[in-house]
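Novice: Take a look at the following structure, please.
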Amino acid sequence: MRYRTVVWLLAALAAGACAGEQATADVVELFPIVQDGKWGYINKAGTIVIEPQHECAWDFTEGLARVQVNKRRGFIDKTGKMVVEPKYGMAWAFSEGLAAVFVGGQVWGDFMNLRGSGAWGYIDRTGKLVIRADFAKAGDFHEGFAATYKGDKWGFTDKDGKWAPLHGPGCRPGDFSQGLAAVSDGGKTPKWGYVNSEVKMVIETRFAGAGPFSEGLAAIAVAEETVTKDDKGTEKKTTVAKWGFMDKTGNIVIQPQFGNAGVFSDGLAGVQIKDNKWGCINKEGKVAIEPQFDFVAPFSEGKARVVSGGKHGFIDKTGRLVIEPKFQLAWDFSNGLARVETEGKQAYLDKSGNCIWPPKR
């Protein structure tokens with residue numbers, strides 16, 4: 001059996017490609033762009049304010065942005081000044097004042113299974129290493145804790161560098177959200193539950209999948225087994241995961257019935273409802289947007305990214321398409337703009353679908 005578990009995926013995907021993140025605090029309204037193979041930044045009007053000069057560049061988070069120079073990563077401020085020298089083989093964005101950096105070696109492997117000849121630690125905004133490089137894997141900080149891995153165990157690190165391991169090898173954690181974090185039991189077919197900020201289990205590991213809390217609810221999955229017979233009468237057992245939502249006490253408030261589920265945002269959550277199509281439900285579990293898309297992302301700034309026929313577009317909270325699905329890739333709206341990509345060429349759109357970058361000539 002193989003179930004979709006949503007808890008670690010978001011951070012990894014965000015870290016794996018240039019400009020794949022969104023600002024969380026100290027908003028800087030600059031946006032990464034690539035021109036002639038070099039990365040720089042534009043403002044909301046589409047004017048270049050930091051000249052393209054870097055091998056790669058990411059969104060500003062907490063006032064700083066990662067850039068890559070000579071295959072090493074550092075951080076710049078909104079003027080383009082390098083405030084943390086590019087000396088790290090890998091680095092994540094700043095979160096709650098700290099950034100994970102890979103110290104002492106080069107990273108190889110895919111971004112879901114990073115490894116290398118060094119180790120991960122955390123720097124502050126001045127570039128000072130404040131949590132020593134002691135981890136084989138390290139995530140962003142959420143609510144004062146970061147998921148980290150050393151030895152043969154996952155655990156959580158606080159901002160003082162204190163590490164609290166989970167109870168056994170193979171146990172995987174998600175990020176803290178609204179005081180709780182999803183963790184697995186490390187089994188061959190893992191079961192998921194939730195720990196509190198003391199890393200104590202408060203919701204037992206009984207789910208086939210678990211997501212982060214948002215607006216008081218979290219997506220959880222239960223395993224359902226069905227038995228069918230072929231023409232010769234031979235029975236075949238199939239196990240599938242059905243997704244629903246629970247509250248922070250562990251009570252299921254929307255019964256598991258969906259093929260897949262996202263997180264609540266603006267009172268709506270994307271779910272896979274019928275014929276593998278996605279729509280949205282409200283917190284009462286009622287369909288608010290009919291299933292018609294291949295995927296629905298969480299709402300951001302009143303718009304949700306959708307996929308239809310392999311193309312990306314955007315809907316509003318009524319389900320109306322406000323930007324037609326015609327892009328090969330798209331990112332959520334942030335600071336009024338959304339990045340899109342078609343045939344390897346990137347652009348930025350405003351909420352009306354007008355192209356801000358590249359400038360019209």
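Novice: Please compute the Cα-Cα pair-distance distribution of the stretch 132-224 with 10 Å bins starting at 0, giving whole percents from short to long.
Specialist: That works out to 18, 51, 27, 4, 0, in percent per bin.
Novice: In the structure displayed, which of Lys71/Lys345; Lys274/Lys351; Lys162/Lys248; Lys71/Lys153; Lys150/Lys200 lie more than 24 Å apart, Cα to Cα?
Specialist: Details: Lys71/Lys345 22 Å; Lys274/Lys351 29 Å; Lys162/Lys248 26 Å; Lys71/Lys153 29 Å; Lys150/Lys200 19 Å.
Result: Lys274/Lys351; Lys162/Lys248; Lys71/Lys153 exceed 24 Å.
Novice: D for the stretch 242-361, whole µm²/s, Stokes-Einstein with Kirkwood Rh over alpha-carbon pairs at 10 °C and 1.306 mPa s: what number? Numbers along the way, then the final one.
Specialist: Values: Rh = 14.9 Å.
Diffusion coefficient, whole number: 107 µm²/s.
Novice: Between Thr226 and Glu341, what is 0.36 nm times their sequence separation minus the Cα-Cα distance? Round to one decimal in nm.
Specialist: That works out to 37.3 nm of additional length.
Novice: What does the highest-first list of 323-336, 160-173 look like by mean Cβ count within 10 Å?
Specialist: Result, highest mean Cβ count within 10 Å first: 323-336, 160-173.
Novice: Which loop GluC sites (Glu not before Pro) in the stretch 268-357, with loop taken from DSSP, have no more than 13 other Cβ atoms within 10 angstrom of their Cβ?
Specialist: Passing both the DSSP loop test and the Cβ count: Glu284, Glu343.
Novice: Shifting gears a bit: In µm²/s, what is D for the chain at 10 °C and 1.306 mPa s, where D = kT/(6 pi eta Rh) by Stokes-Einstein and Rh is the Kirkwood radius from Cα pairs?
Specialist: 73
Novice: Which value, to two decimals, describes the C-alpha radius of gyration of the stretch 191-284 once divided by 2.2 N^0.38 Å?
Specialist: 1.26
Novice: For the stretch 225-265, divide the Cα radius of gyration by the Kirkwood radius and give the resulting Rg/Rh value with two decimals.
Specialist: 1.23
Each value in this text was obtained by applying a stated rule to the coordinates, not by laboratory testing. Since the structure is predicted, the reported quantities are computational estimates derived from the model, not experimental observations. Using ideal geometry, Cβ is built from the backbone for each residue, glycine included, and neighbour counts are taken over all protein chains shown.
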